[in-house]
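One structure is given here, and the rest of the page talks about it.
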Amino acid sequence: PEHDVSLQVVADHARACAFLIGDGVLPSNEGRGYVLRRVLRRAARHGVLLGLEEPFLYRVAGRVVEVMGGAYPELIERRPFVEGTIRREEERFLRTLGRGLTLLDEEIVQARRARRDRLAGQVVFRLYDTYGFPVDLTEDILSGQGLDYDRDGFRECMAEQSERARAAWRGSEEAAPTELYSAIAQRGASKFVGYDTLESRSQTIALIHSGAEVEEAVEGDRVEVVVEETPFYAESGGQVGDVGIIEFPEGRVQVEDTRKPIEGLIVHLGRVTLGRVRCGEEARLEVDAAERGATVRNHSATHLLHWALRQVLGPQCRQAGSLVSPDRLRFDFTHDAPLTEEEIRAIEDRVNTRILENLPASIVRKGYKEALKSGAIAIFEEKYGDVVRVVTFGDFSTELCGGTHARATGDIGSFRITSQSSIGAGLRRLEAVTGLGAIEAARRDNRLLRDSAEPLRTNPPDLPARIRKLLERERDLESELERVRDQLRRGTQADPMSTLREVGGVKVVAAEVAEASPKELRGLVDEIKQKLGSGVVLLGAHGDGKVALALGVTRDLTERFQAGSLVKELAGKVGGSGGGRPDFAQAGGTRAEGLREALEQLYELVAGG
């Protein structure tokens, strides 16, 4: 019966994962991505219960595509991406599971030694919170061992975590509770008129100060202003809110941001910089034209970038988020590998070619279903109404978008990608600049090249060759230094082989060497093991107040002597701890005076084994 349940969970969850990822949802720690991650990991955990220790769910998802691809052809098109995303997430979870199992095993051993029948709630919480180890899996393992855990203690830890989260929220700059915004919106919704103008006059509906509605505010006060009509675009769809000024009969507000806390309400956040402002007064609102213009260029460029990405990387490349501000644009998309220099160049060339063609923008309103049938791209994360705004450039880019845009592609000026990075499994991020920002980026790069070339006494075009030459010289010097250190180490200390003893028919070497790094100690241990053929080797070194131990056991003796167990016993002599594999282990400590005692104790441990 247990296996039947697990099989049903795997089948159901594999289907959910395939469709979610096919729709553009990717595993993450928030929103839809978090739900997907939990679903996927629950299926992977049931695979472990079925005895599957390698990634498998991606293959089940492949079968989902085969069975349901006829009705949902987009699954077939995105199959490689779906399977790759699931496999990477499975591998990541199995590594997490491995770390958690190791820690849980250690806690179980300690509980048995102390003759306790349950683990502390804090331990189970740490496994859950820090390592992502499922609580129900912890319960299953403990139950199989005849153990339990302190459930009240676990709940207390969860409650403390929730309280910390609430405290962080209370300490944030959240302007006002949702209830207040809702009450204001019931008196009248805000209307956005900023597609066609950057300036307008309107009646003030509400003023908010320190989280409460007020009748007036004075110079120095931070306020939120709500009016009937505004040219200020509220942050939405990745585009940041507008900035500018609101002038009242006796005062002025410098608008630092514009937001939409609830549907139908636009709030201008800023500071009273002059005089006093009152609710009910008519105000003049003016958007900062330069900031809006830069934002418009970057927003329109994201549409061109989305088109170019799909041209270069394939139709499975989908937008997964964006940020459009005056100084840059950020674009997240689904892709499972870093972009090559050739791909970046191809993307930039396509976008800049369209900019040079100065293709006009067309913005129309359509029914949502009609827009999709016409080929418009909708972003999965966005919410759309029955009537949508369709933004088209030329005959190549058509997307649903409520943001502000250029009149033609030529207004963008120029486009340049400045960075790329990974932000999750199968998810990449590009940052780019346009217009004067692209020119300034080129100037910064040129300054950087000149500043880098000057101390190396070369010219920017010759800089790569100069750097390669310096790196080759550095490698040669490091090799020479290692040879000298090895000679000094062997010349100033007795030969480690001089400590060779035969204990109970086992060859044992335990020696102190001159100051050496853990990596160097390991190399010496391997060298001596080869000389011995069969035996146990312990080397120790100290310097800068620290002690390092390296212990090796030839493979024929690992049944009798475990390097990890031996080094744990010896580490106490130098005031530290350690561990490792059966054939090699390392330890560190701070008691240099205990090194000789640790070396001598090895002979005793081998004799006792």
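Quick one: helix 31-49 against the long Cα principal axis of the chain, what's the angle to the nearest 10°, folded into 0 to 90? Value to nearest ten degrees: 30.
Taking all protein chains as shown and a probe of 1.4 angstrom, T178 keeps an accessible surface of around 80 Å².
Protection proxy ranking for 305-318, 496-509, 79-92, using the average of other Cβ atoms within 10 Å per residue and placing the highest first: 79-92, 305-318, 496-509. Judged by the ratio a/c of the largest to the smallest principal axis of the C-alpha gyration tensor, region 524-565 counts as oblate, that ratio being 1.5 or greater while a/b is no larger than b/c. What does the C-alpha gyration tensor say about the overall shape of region 2-67? Classify as rounded when a/c is under 1.5, otherwise prolate if a/b is larger than b/c, or oblate. Verdict is oblate for region 2-67.
Potential lengthening of the chain between V67 and I141 amounts to 23.1 nm, from the contour at 0.36 nm per residue minus the alpha-carbon distance. Excluding same-chain neighbours fewer than eight residues apart, the lysines reachable from K260 by a Cα-Cα span under 28 Å are K191, K366, K369, K383. For region 361-427, relative contact order (Cα pairs under 8 Å, six or more residues apart, normalised by length) works out to 31 percent. For region 451-609, the relative contact order comes to 17 percent (Cα pairs under 8 Å, sequence separation of at least 6). Judged by the mean number of other Cβ atoms found within 10 Å, the most tightly packed of the peptides 247-258, 287-298, 138-149, 223-234 leads the ranking 223-234, 287-298, 247-258, 138-149.
Taking packing as the residue-averaged number of other Cβ atoms within 10 angstrom, the listed peptides 344-355, 211-222 run from highest to lowest as 344-355, 211-222.
For region 103-129 versus region 213-267, the inter-centroid distance based on Cα atoms is 54 Å. The calculated FRET efficiency for the pair I423 and R596, based on their C-beta separation and a Förster distance of 60 Å, comes to about 0.70. Residues whose amide H comes within less than 5 Å of that of V223, counting only those at least five positions distant or on another chain, are G270, R271, V272 (H built at 1.01 Å from N in the peptide plane). Dividing the summed -39500 (n - 2.57) terms of all DSSP H runs of n ≥ 4 by the residue count of the chain sets its mean residue ellipticity at 222 nm at -15000 deg cm²/dmol. With contacts taken as Cα pairs under 8 Å at a separation of at least 6 residues, the chain carries a relative contact order of 7 percent.
When the chain is described by a simple charge dipole with +1 on each Lys and Arg Cβ and -1 on each Asp and Glu Cβ, the residue from L119, N459, A550 located farthest towards its positive end is A550.
Each Lys and Arg contributes +1 and each Asp and Glu -1, all at the Cβ; summed about the Cα centre of the chain, the dipole is approximately 1320 debye. Per-residue surface analysis assigns E30 an accessible area of about 140 Å², computed on protein heavy atoms at 1.4 Å probe radius. Computed over protein heavy atoms with a 1.4 Å probe, the accessible surface of the chain works out to 52 Å² per residue. Computed with a 1.4 Å probe over protein heavy atoms only, the accessible area of H335 comes to about 20 Å². Along the axis of the charge dipole computed for the chain (Cβ charges of +1 for Lys and Arg, -1 for Asp and Glu, origin at the Cα centre), the listed residues V277, T334, Q110 are led at the positive end by Q110.
Beta-bridge orientation, the chain: approximately 90 percent antiparallel, per DSSP, counting only bridges with both partners inside.
Residues whose amide H falls under 5 Å from that of Q239, counting only those 5 or more places apart or on a different chain, are V324, with hydrogens built in the peptide plane. The share of accessible area on the chain that comes from carbon and sulfur is 48 percent, using a 1.4 angstrom probe.
In terms of Cα to Cα distance under 27 Å, which lysines are near enough to K507, apart from those fewer than 8 places away along the same chain? Cross-link targets: K519, K529, K531, K568, K573. How would region 399-444 be classified by its alpha-carbon gyration tensor: rounded, prolate or oblate, with rounded meaning a/c under 1.5 and the a/b versus b/c comparison settling the rest? Because a/c hits 1.5 or more and a/b fails to exceed b/c, region 399-444 counts as oblate. Counting only alpha carbon atoms, the long axis of helix 135-144 and the longest principal axis of the chain meet at about 30°.
The values are calculated or read from the model by the stated rules, or taken from the named source; none is laboratory data. What you see is a predicted model; the values in this text were computed from it and never measured. Neighbour counts run over all protein chains shown; Cβ positions are idealised from the backbone, glycine included. These accessible areas exclude ligands, DNA and RNA; they are computed on the full protein's heavy atoms, side chains included. Shrake-Rupley method; radii C 1.70, N 1.55, O 1.52, S 1.80 Å.
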